[in-house]
Each structure stands twice: as C-alpha cells, then as structure tokens.
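Student: Below is one structure. I have some questions about it.
The values are calculated or read from the model by the stated rules, or taken from the named source; none is laboratory data. Every value quoted in this text rests on a predicted model; they were computed, and no experiment measured them. Because the Cβ atoms are built from the backbone with ideal geometry, glycine has one as well, and the counts that use them run over all protein chains shown. We work out accessible area using only protein heavy atoms, side chains counted, and drop any ligands, DNA or RNA first. Shrake-Rupley method; radii C 1.70, N 1.55, O 1.52, S 1.80 Å.
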Amino acid sequence: MAGLLCGTKRKQQVSDLHEEGKNAINAPLLPSGTDIHPEDTLLEENAERIMLDPTSRENPKFKDLLKVLIDWINSELEEERIIVKDLEEDCYDGQVLQKLFEKLSGRKLNVAEVTQSEIGQKQKLQTVLEAVNDVLRPHGWTVEWSVDSIHSKNLVAIIYLLVALAMHFQAPIRLPEHVSVQVVVVKKREGILQTALMTKELTSTTEMMMGRFERDAFDTLLDHAPDKLNVVKTSLITFVNKHLNKLNLEVTELESQFADGVYLILLMGLLEDYFVPLYNFFLTPESFEQKVHNVAFAFELMQEGGLKKPKARPEDVVNLNLKSTLRVLYNLFTNYKTSA
C-alpha cells in the first residue's frame with residue numbers, strides 16, 4: 001500500500017510538473033522563440049526563476065565574455081589541475097568557486113573538499129558565497145547571486161559573481177565592456193505562471209566596475225567628442241617621438257606600441273635623463289607577465305619622478321586599453337612637455 005501511494009504521488013508530481021510547463025509555454029507574456037523546459041517552471045507561490053534567452057547566447061560580446069572568464073579561471077587554478085569548460089556545469093556545485101576564491105583572497109575556507117549530495121553542495125556554496133559577500137559588499141558590489149541561483153545553474157548569476165571577483169581582485173584580464181543579455185523571468189502568482197523579458201547588464205566600463213567613478217577629460221573626450229581623439233593622439237605621438245627619436249625609435253600607433261612597456265621605460269629614462277639598466281626589465285618581452293612587469297616598472301619610475309600613481313593598471317595597458325594608455329601618456333605630456 002505504501003509503495004502504491006508513493007507511486008501515485010510521484011505520478012501526480014510529474015503531472016503537475018508538465019501542466020505547469022504547458023502553462024508557461026503557452027503564457028501570453030512569453031517571448032517568442034524561447035524554449036522553457038517544464039522543470040524550470042515548477043515554482044512555489046510568489047517564487048521566480050530567471051533564464052537566459054537563447055538569442056543572447058549567440059551574441060559575440062557575450063561569447064567573448066564567457067571565453068575571457070573561463071580562460072581566467074583556468075589560468076588561476078592551473079596549479080590545482082582544474083579545467084573549466086562550461087561555467088554552468090562546472091561552477092554550480094561550489095568546488096570551482098571555492099578554489100577560485102581561496103586563490104584570489106589567500107584565505108582558506110572550512111568546507112568539505114568533495115560533496116556529491118545536493119545538500120552538501122548547497123552547504124558548501126553557502127559558506128563560499130558568505131565569504132565572497134563579506135569581501136565584496138563593503139566595496140559597493142550589489143549581490144546579484146544566491147545559493148539557489150548558482151546551484152540551479154543560472155548562468156547570469158554565475159557571470160555576475162565572476163565579474164565582481166575579477167574586478168575586485170584586479171584580475172589581469174580585459175573584460176568586454178557593455179555586455180547585456182535578455183533574460184526570461186518566470187514568476188508564479190496565485191497559481192499562474194507569468195513570464196516577461198528583461199535586459200540585464202553584465203558589464204559596464206572597466207572604470208565603473210572597478211569603482212573608479214570619478215570621470216576625467218578622457219571620459220568626456222571619448223564619450224562626447226570622439227572626433228577630437230585623433231587630434232589628441234597626434235599631439236601625444238609628436239611628444240613621445242620628440243624624445244624616442246634620440247634612440248632612433250618612432251611611434252606611429254599609441255595603443256599597441258606601448259603595450260609591452262619597453263617604450264614607456266625608455267621614455268621615462270629620456271625624460272628624466274638617466275640610463276635604465278637592461279637587467280631591470282625585459283627588452284623583448286614574450287609573455288603577458290613579462291609585459292605587465294615592464295609596465296609596472298615604468299609606473300614605478302614615474303612615481304619616483306614625482307608623478308602621481310597612474311589611474312590605469314599595468315594590465316589595462318598590456319591589454320591594449322586605449323583610454324588607459326592615453327591617460328598614462330597624457331600625464332607624461334603635461335609634466336614634461338617643456339623638456340628638451
């Protein structure tokens with residue numbers, strides 16, 4: 001009798017599941033072309049679920065964001081021999097997020113190494129996310145993730161979390177800016193499933209995401225007077241070549257020719273009238289790390305010369321961020337424009 005009752009209950013649950021799925025699929029607010037699976041719509045009263053609209057998955061900038069995040073995680077966790085291929089499938093149980101946070105923060109979390117059960121996975125996620133939130137909240141990050149959203153493989157929530165970690169810990173990566181996606185929001189009100197389409201902004205600008213809310217002349221220039229950009233670039237090229245020509249060097253393209261830090265270092269030596277020993281930097285850098293070392297060393301030379309610490313990160317310059325490179329060079333221009 002007990003077995004019969006359990007079987008009947010399971011059949012009823014399956015029936016309810018498919019019925020709710022049918023209601024959701026037929027709901028008038030559902031965006032056309034969106035495929036919602038029945039298991040995504042078995043919700044408690046007043047609950048909601050957010051799913052990525054399939055069309056957004058094909059967005060080139062979104063794909064680029066996924067690749068950058070995956071490559072970054074794999075680089076950080078290389079020593080752990082962890083390889084992430086799919087953010088939804090590899091991050092939901094908390095294992096990768098635990099290792100990533102521990103590596104970035106240098107803090108060891110008291111959690112079980114391997115958890116197979118759903119309860120164990122959620123307990124691990126709870127511990128990991130509490131630690132993450134304690135670090136991020138004081139710096140103004142809005143928590144757009146939860147244990148349930150991460151464990152249910154909500155890709156939007158996972159990306160929000162990873163972007164926040166990358167920006168807070170100043171990851172040496174360049175996230176694509178202004179990446180937005182469409183999401184389907186399914187809500188249950190008075191037993192009826194309602195659906196709607198919303199836009200979610202996953203990334204803004206690098207400066208905004210890193211909390212650099214003060215705007216300067218280059219923000220205004222690029223946002224409101226991009227036609228004057230070439231005038232500024234021409235002035236800066238003339239300035240740097242005036243000095244680099246002494247070494248028979250010439251710059252024609254600001255964004256790429258300063259990315260490895262070599263010209264920046266040589267320029268500082270020329271501006272301050274000293275020779276920079278070659279053992280202090282990589283004259284022909286090959287790896288990303290060597291280029292970052294060079295740019296960071298150039299920044300040190302600038303500060304030793306009495307300049308303020310550059311707003312840009314060395315990684316920003318290496319990653320060909322034009323605005324960051326312009327800021328660095330313009331700072332040199334304003335301080336050394338009268339130099340012979």
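Student: Going by the structure shown, is residue 326 within 30 Å of the chain's Cα centre (by Cα), in the same structural domain as residue 257 (by the TED database) and open to solvent by less than 40 Å² (accessible area, probe 1.4 Å)? So that I can check it myself, show each step before the final result.
Tutor: Working: within 30 Å of the chain's Cα centre (by Cα): yes; in the same structural domain as residue 257 (by the TED database): yes; open to solvent by less than 40 Å² (accessible area, probe 1.4 Å): yes.
In short, yes.
Student: Within region 209-217, identify whether any single residue is surrounded by 14 or more Cβ atoms within 10 Å (Cβ to Cβ) and modelled with pLDDT of 90 or more, and answer yes or no.
Tutor: Scanning region 209-217 turns up no residue that is surrounded by 14 or more Cβ atoms within 10 Å (Cβ to Cβ) and modelled with pLDDT of 90 or more.
Student: Collect the residues in region 121-130 that are among the charged types (D, E, K, R) and open to solvent by 100 Å² or more (accessible area, probe 1.4 Å), keeping them in residue-number order. Spell out how you get there, then give the answer.
Tutor: Looking only at region 121-130, we keep the residues that are among the charged types (D, E, K, R), and these are 122, 124, 130.
Passing the criteria: none in range.
Student: Can you say whether residue 137 is in contact (Cβ under 8 Å) with a residue 12 or more places away in the chain and either over 19 Å from the mean Cα position of the chain (by Cα) or in a helix (DSSP H, G or I) (or both), as far as the supplied structure shows?
Tutor: In short, no.
Student: Another one. Consider only pairs whose beta carbons are under 6 Å apart and that are at least six residues apart or on different chains; among these, list those whose first residue lies in region 272-301 and is touching a residue at least 60 places away in the same chain (Cβ under 8 Å) and over 20 Å from residue 244 (Cα atoms) and whose second residue is of a type in the set (A, V, I, L, M) and in a helix (DSSP H, G or I).
Tutor: Correct list of pairs: 292/318.
Student: Still on this model: Hey, could you check region 277-312 for residues that are basic (Lys, Arg) and either open to solvent by less than 30 Å² (accessible area, probe 1.4 Å) or within 20 Å of residue 172 (Cβ to Cβ) (or both) and say which is modelled with the highest pLDDT? Spell out the reasoning first.
Tutor: Of region 277-312, the ones basic (Lys, Arg) are 291, 308-309, 311.
From what is left, the residues that are either open to solvent by less than 30 Å² (accessible area, probe 1.4 Å) or within 20 Å of residue 172 (Cβ to Cβ) (or both) are 291, 309, 311.
On the way: 291: 92, 309: 76, 311: 72.
Ranking the qualifying residues of region 277-312, first place goes to 291.
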